[in-house]
Each structure stands twice: as C-alpha cells, then as structure tokens.
1. Quick one: count up the residues across the range 95-143 that are part of a strand (DSSP E or B), at pLDDT 85 or above and either over 20 Å from the mean Cα position of the chain (by Cα) or among the acidic types (Asp, Glu) (or both).
2. Quick check on this structure: which one of 150, 116 is without any contact (Cβ under 8 Å) to a residue 40 or more places away in the chain and not hydrophobic (A, V, I, L, M, F, W, C)?
3. In this structure, is residue 129 over 25 Å from residue 242 (Cα atoms), aromatic (Phe, Trp, Tyr) and either surrounded by 14 or more Cβ atoms within 10 Å (Cβ to Cβ) or free of Cβ contacts under 8 Å to residues at least 40 places away in the same chain (or both)?
4. Can you pull out every residue in the range 178-197 that is of a type in the set (A, V, I, L, M) and either touching a strand residue (DSSP E or B) at 6+ places or on another chain (Cβ under 6 Å) or more than 27 Å from residue 146 (Cβ to Cβ) (or both)?
5. Give the residue, chosen from 96, 122, that is surrounded by 14 or more Cβ atoms within 10 Å (Cβ to Cβ) and farther than 19 Å from residue 53 by Cα.
6. Looking only at the range 51-66, decide whether some residue is at pLDDT 85 or above, out of contact with any Phe, Trp or Tyr (no Cβ under 9 Å at 6 or more places or on another chain) and surrounded by 16 or more Cβ atoms within 10 Å (Cβ to Cβ).
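The values are calculated or read from the model by the stated rules, or taken from the named source; none is laboratory data. Here the structure is a predicted model, which is why all the values come from computation and not from measurement. For neighbour counting, all protein chains shown are included, and Cβ atoms are generated from backbone atoms with ideal geometry for every residue, glycine included.
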Amino acid sequence: MENLVTGLIDPWRAEALAATLDRPPPTEVLPPLWHWIYLLEAFPTSNLGPEGHPRPPDLPIPEGRRMIAGGEVAFHGHVPLGEEATRRSRLLGVEEKEGRSGRLTFVRLGHRTEARATLLVEEEQRIVYLSAPPRPDLPQGSPPDWPWRRVFVPDELVLFRFSALTFNSHRIHYDRRYTTEVEGHPDLVVHGPLIALLLADLAHERVGELVHFSFRATAPLYVNRPITLVGRPTGGDGAELEAWSDDGRRAMVALARFNPRRAPSKRGSRPGAG
C-alpha cells in the first residue's frame, strides 16, 4: 500500500532549519537531506505510543525502543523551494533478528519525492525497534585524522527545534526523565537524521553536488556533548564520513557519491566549519 503526502516546499521551513544550524539559508533548492523536514504525516496524538512515536494502523510496527538504523538516498534532481512536491511512501519489509540487547525488529520504508511529475529523491529508510535498553558501547579510540573535520555541539534548543521541524514527538529527544529511567540512556538522545544531515552537509560543502548518500548508525549520541564529524575523498567520485562522540565512540558511518562536474558550493563561513 502506497501513502501520498503533497505539500508546498515552503522557504520558511528551510530558513528555520538554517537558523537552527547557524548557517546561511538556501535560496533556490534544498541542500542534501533537507527534504526530511517536508511532506510529513500529521498523526493524531491518540495514535502515538508511550514513547511518543506514531503507530500507524496499516504498518506492523512492534512495541519497543525505536531508533534510526540507517538509510540510502539517491538524488536524481534538486528539490525546489517554493513549489509543490509529493512524497510517496510504502513498506518494503520487516525482519526480526537477535542482538546483544535481545530481539531486534528492522522496518524498511521506501520514499520517493517528486515535483513537476519528476522523481527527485529516492530513498530507503531503516528503523530498528529494540526489546531491551541498549548496552553501552565501549570507547573505540578517536576520530581518524581525515582532512574534513567539523565539531558540532547540539544543545537542548537544537534538539527541540529539530524535533519541531520534523514533527517528531519521540520522547528521547526532550523528556530527560523518560529517556534515562525508561529507555536507559544517560541523557537526551541526538536525532540520527540530524547527524546524517550534518555529514551530508560536510560532504556537499567539500565536493559539490551529491548523487548518492548512505549511512548507518552504530551508537547513540547525547545532548551537550561535542560531536566530531570527519570525512575524506576516496578517489574518483566518492567520499567516506564518520561521526564520533567525545568519549571515543564511532556513532555513524556514511558513504557519499558526488557529481565531479559540479564544484563545491561557496556558502560562506559559519561556526564550526572546518
């Protein structure tokens, strides 16, 4: 079954995300992954689970702690600001596995974003539901000494604003008591999509127009703690990127492919750029 959401790519929302990240706003098209703040479903509050996440009746979503596991995004074109677009979504599959923290349920969703009857973005989103609190990961060392580097410190204001822009009521991003006492985290959790967006932004700034981006979350990151984003070109039209916690845990890995005919964008400096 396919679900359709149609709406305006309102420039204000892009300006609000730019303000959240302390960066200049885009003017004509959305940067990579910024389409995630658009074409969102508005689920009734009565449809939310105890953790604050929606429970669509037509999807076999289990009870449990929810986290973004990863995804793949193909960019076929630019999402234009100020125009109407449509997102088509469907369930791709559900798979159960056993992990160190117990039963894991992986849900795969497919999304296609279109404007002017043209496919612009095609992606697969992977969500994992955990039956038990996550086990703390041991420190793995330090970020690799790669040429692209940026440090980002997400505070409560950033988490609140990103939750608002993505209409995300998941309590691990704003309810500290629930997050620590019920889900077993040491503090509020930084959104996985926000980390992926920052890694894609780092690649976009250094190599130019992205045509493909994939990412995999490996550990949670927490509020008010520095996140080190690193990357490097891999030859040809590729790049690899990673996000690291301040205590030496690799939290996300990503791969990007870009169009070598397009130069990196010149957007001006901003705090944390490096």
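1. Qualifying residue count for the region: 8.
2. Answer to the check: 116.
3. Spelling it out, it is not the case that residue 129 is over 25 Å from residue 242 (Cα atoms), aromatic (Phe, Trp, Tyr) and either surrounded by 14 or more Cβ atoms within 10 Å (Cβ to Cβ) or free of Cβ contacts under 8 Å to residues at least 40 places away in the same chain (or both).
4. 182, 188, 195, 196
5. Of the residues listed, the single one that is surrounded by 14 or more Cβ atoms within 10 Å (Cβ to Cβ) and farther than 19 Å from residue 53 by Cα is 122.
6. No, that holds for no residue.
Condition check ((1) at pLDDT 90 or above; (2) surrounded by 22 or more Cβ atoms within 10 Å (Cβ to Cβ); (3) touching a Phe, Trp or Tyr at 6+ places or on another chain (Cβ under 6 Å); (4) under 23 Å from residue 18 (Cα atoms)) across all residues:
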site	(1), (2), (3), (4)
207	yes, yes, yes, yes
210	yes, yes, yes, yes
213	yes, yes, no, yes
238	yes, no, no, no
244	yes, yes, no, yes
247	yes, no, no, no
258	yes, yes, no, yes
265	no, no, no, yes
272	no, no, yes, yes
